[in-house]
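Report on the structure given below.
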Amino acid sequence: MMARRKILQISSYPPPRAGWAVRVEFLKRQLEAEGHECVVLNIGTSRCIPSDEYETVMSGTDYLRKVWRFCSRGFLPHVHVNGATLKGLVLSLIAQVISLVHGRRVVLTFHAGVEQQFFPRRKAPLLVPAYWLMFRMSRTIVCNNEAVKRLITLYGVRTSKIVAIPAFSVQYMQERGHVLPDDLESFFRRFPVVLLSYVRFRPTFFVPELINAVAAVADRRADLGLLLCASVGHSEDDLPQRVTEQIRQAGIQDRVLMVDDLTHEQFLDALSRSAAYVRTPVSDGVASSVLEALSLGVPVVAAENGSRPPGVITYPATDAETLGHVLIDVLTRRSQIVAALPRPELRDTLAEEVQLLTCAG
């Protein structure tokens with residue numbers, strides 16, 4: 001029988017239910033189901049909101065104090081980071097040093113894809129020593145595909161230390177059959193053809209390009225609606241206001257429904273009823289929502305990022321005109337596309353990751 005382990009997840013955590021926050025929610029559930037102790041130190045958007053699901057982080061000092069406290073109690077940190085922010089890099093290095101003082105190397109999960117703001121090394125040469133140190137101090141590094149794994153090795157990291165585990169698991173597809181909120185139900189009744197997109201109001205999500213493309217398609221299809229899962233809490237500058245005004249000027253305000261944070265179950269149900277899923281960022285790598293859509297037999301149109309799975313139809317992220325043409329073609333040929341759509345392998349990747357976290361080392 002495997003010994004009971006103590007794992008400290010240092011990560012964002014729902015709400016909102018996005019990206020690796022959902023992955024950590026599933027990991028916590030799986031670890032606890034197997035009898036291990038799992039505490040989440042929430043460094044995400046909701047970090048100051050009290051919850052029984054995680055430990056809050058109120059300040060930098062609070063972060064230091066809590067990482068030290070849990071490491072001193074025998075917890076192994078599982079640190080989640082990507083190449084998009086310097087803050088994440090610094091928090092990761094701090095946790096690694098504290099864990100080393102207590103005699104343990106952390107498990108590091110490096111999220112997202114092959115093109116991020118400070119990753120790979122050619123994007124930020126001055127940060128190469130910091131990334132090398134972060135990777136070097138880790139016991140094991142998890143990433144979500146082989147392409148990212150190869151780029152991590154360019155920092156001088158040995159291949160055997162890196163494990164590619166997609167942030168997608170068979171358990172993701174078992175949460176179905178939940179009632180949608182009334183506004184979503186009404187929207188699906190009004191529009192037989194709904195495009196679904198999960199976005200954040202950040203320049204890297206190319207929301208204005210998406211709106212321009214949808215406006216062009218709406219000129220040709222009266223049955224088209226756009227459902228945007230868009231958390232304003234992740235906004236930058238005045239982008240939400242500018243996008244709202246763009247929608248109004250395009251005359252499609254009655255065709256667009258913006259919803260905030262859906263549960264994972266609600267997201268899957270909305271996705272299953274959509275004509276297509278549109279994924280706009282390029283830094284996301286193999287997004288779990290893309291794999292979920294393919295598993296449900298929903299066509300995916302996504303910005304090309306070098307990591308899209310088979311079956312995904314791609315376009316250049318900044319080219320709204322091309323995106324519009326692609327969407328018209330996909331909606332026209334949808335039945336043929338669905339019939340030929342390859343389904344992703346449904347692995348139990350949660351079990352694989354739990355094994356890495358709980359093995360002796």
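The values are calculated or read from the model by the stated rules, or taken from the named source; none is laboratory data. These numbers were taken from a predicted model, which means no experiment stands behind them. We place every Cβ from the backbone using ideal geometry, glycine too, and count neighbours over all the protein chains shown. Just so you know, the surface numbers come from the protein's heavy atoms only, side chains and all, with ligands and any DNA or RNA stripped out. Shrake-Rupley method; radii C 1.70, N 1.55, O 1.52, S 1.80 Å.
Go through the range 36-46 residue by residue and tally those that are at pLDDT 95 or above and either open to solvent by 10 Å² or more (accessible area, probe 1.4 Å) or part of a loop (DSSP other than H, G, I, E, B) (or both).
Initially, the range 36-46 is screened for residues at pLDDT 95 or above, giving 36-43.
Then drop every residue that is not either open to solvent by 10 Å² or more (accessible area, probe 1.4 Å) or part of a loop (DSSP other than H, G, I, E, B) (or both), which leaves 36-37, 39, 43.
Going through the range 36-46 one residue at a time, the tally reaches 4.
When you check Lys28 against the structure, is it open to solvent by less than 60 Å² (accessible area, probe 1.4 Å), basic (Lys, Arg), touching a Cys at 6+ places or on another chain (Cβ under 7 Å) and on the phi < 0 side of the Ramachandran plot, yes or no? Yes: the conditions hold for Lys28.
Which ones in the range 115-134 are more than 18 Å from Lys87 (Cβ to Cβ) and either modelled with pLDDT under 95 or touching a strand residue (DSSP E or B) at 6+ places or on another chain (Cβ under 6 Å) (or both)? Matches in the range 115-134: Glu115 only.
Just so you know, in the range 252-310 the residues that are touching a Lys or Arg at 6+ places or on another chain (Cβ under 8 Å) and hydroxyl-bearing (Ser, Thr, Tyr) include one that is nearest to Leu323 (Cα to Cα), and it is Ser289. The sole residue among Val148, Val207, Val163, Val179 that is surrounded by 19 or more Cβ atoms within 10 Å (Cβ to Cβ), out of contact with any Cys (no Cβ under 7 Å at 6 or more places or on another chain) and farther than 20 Å from Ala293 by Cβ is Val148. Please specify each residue of the range 311-351 satisfying the condition of being in contact (Cβ under 8 Å) with a residue 60 or more places away in the chain, over 22 Å from Val282 (Cα atoms) and assigned to a loop (DSSP other than H, G, I, E, B). If the condition is that a residue be in contact (Cβ under 8 Å) with a residue 60 or more places away in the chain, over 22 Å from Val282 (Cα atoms) and assigned to a loop (DSSP other than H, G, I, E, B), then Leu346, Arg347, Asp348 are the ones that fit. Mind checking which residues of the range 117-126 are in contact with a helix residue (DSSP H, G or I) (Cβ under 9 Å, 6 or more places away or on another chain), surrounded by fewer than 24 Cβ atoms within 10 Å (Cβ to Cβ) and not aliphatic (A, V, I, L, M)? Scanning the range 117-126 gives Gln117, Phe118, Pro120, Arg121.
Residue-wise test of (1) under 30 Å from Leu346 (Cβ atoms); (2) at pLDDT 95 or above; (3) crowded, with 22+ Cβ neighbours inside 10 Å.
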residue	(1), (2), (3)
Leu239	no, no, no
Arg242	no, no, no
Glu245	no, yes, no
Val286	yes, no, yes
Val290	yes, yes, yes
Ala303	yes, yes, yes
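Taking the criterion of being without any contact (Cβ under 8 Å) to a residue 60 or more places away in the chain, more than 13 Å from Asp261 (Cβ to Cβ) and within 12 Å of the chain's Cα centre (by Cα), the only residue of the range 1-27 that qualifies is Val24.
Here Arg105 passes the criteria (1) buried (at least 19 other Cβ atoms within 10 Å of the Cβ); (2) within 30 Å of Thr61 (Cα to Cα); (3) in contact with a Ser or Thr (Cβ under 8 Å, 6 or more places away or on another chain) except the one numbered (1). The single condition from (1) without any contact (Cβ under 8 Å) to a residue 24 or more places away in the chain; (2) open to solvent by 40 Å² or more (accessible area, probe 1.4 Å) that Asp62 fails is (2). Number of residues in the range 110-143 that are in a helix (DSSP H, G or I) and hydroxyl-bearing (Ser, Thr, Tyr) equals 1.
Does Glu353 satisfy being open to solvent by 30 Å² or more (accessible area, probe 1.4 Å) and of a type in the set (Asp, Glu)? When the stated conditions are applied, Glu353 does not pass them. Sort through Val79, Val67 and tell me the only one that's open to solvent by less than 10 Å² (accessible area, probe 1.4 Å), closer than 18 Å to Arg5 by Cα and not in a helix (DSSP H, G or I). Exactly one residue qualifies, and that residue is Val79. When Ala112, Ala95 are checked against the criterion of being closer than 30 Å to Ser72 by Cβ and in contact (Cβ under 8 Å) with a residue 40 or more places away in the chain, Ala95 stands alone in meeting it.
Being hydroxyl-bearing (Ser, Thr, Tyr), over 23 Å from Asp223 (Cα atoms), assigned to a helix (DSSP H, G or I) and in contact (Cβ under 8 Å) with a residue 40 or more places away in the chain, is that true of even one residue in the range 266-288? Yes, the conditions are met somewhere in the range 266-288.
Filtering the range 87-109 down to residues that are among the β-branched types (Val, Ile, Thr) and not in a helix (DSSP H, G or I), which residue is nearest to Gly44 (Cα to Cα)? Spell out how you get there, then give the answer.
Here is the first cut: in the range 87-109, the residues among the β-branched types (Val, Ile, Thr) are 90, 94, 97-98, 101, 106-107, 109.
With not in a helix (DSSP H, G or I) added as a condition, the list becomes 106-107, 109.
Working: Val106: 19, Val107: 19, Thr109: 15 Å.
This residue is Thr109.
Restricting the range 148-167 to residues that are of a type in the set (Val, Ile, Thr) and assigned to a loop (DSSP other than H, G, I, E, B) leaves a set whose member that is farthest from Pro344 (Cα to Cα) is Val157.
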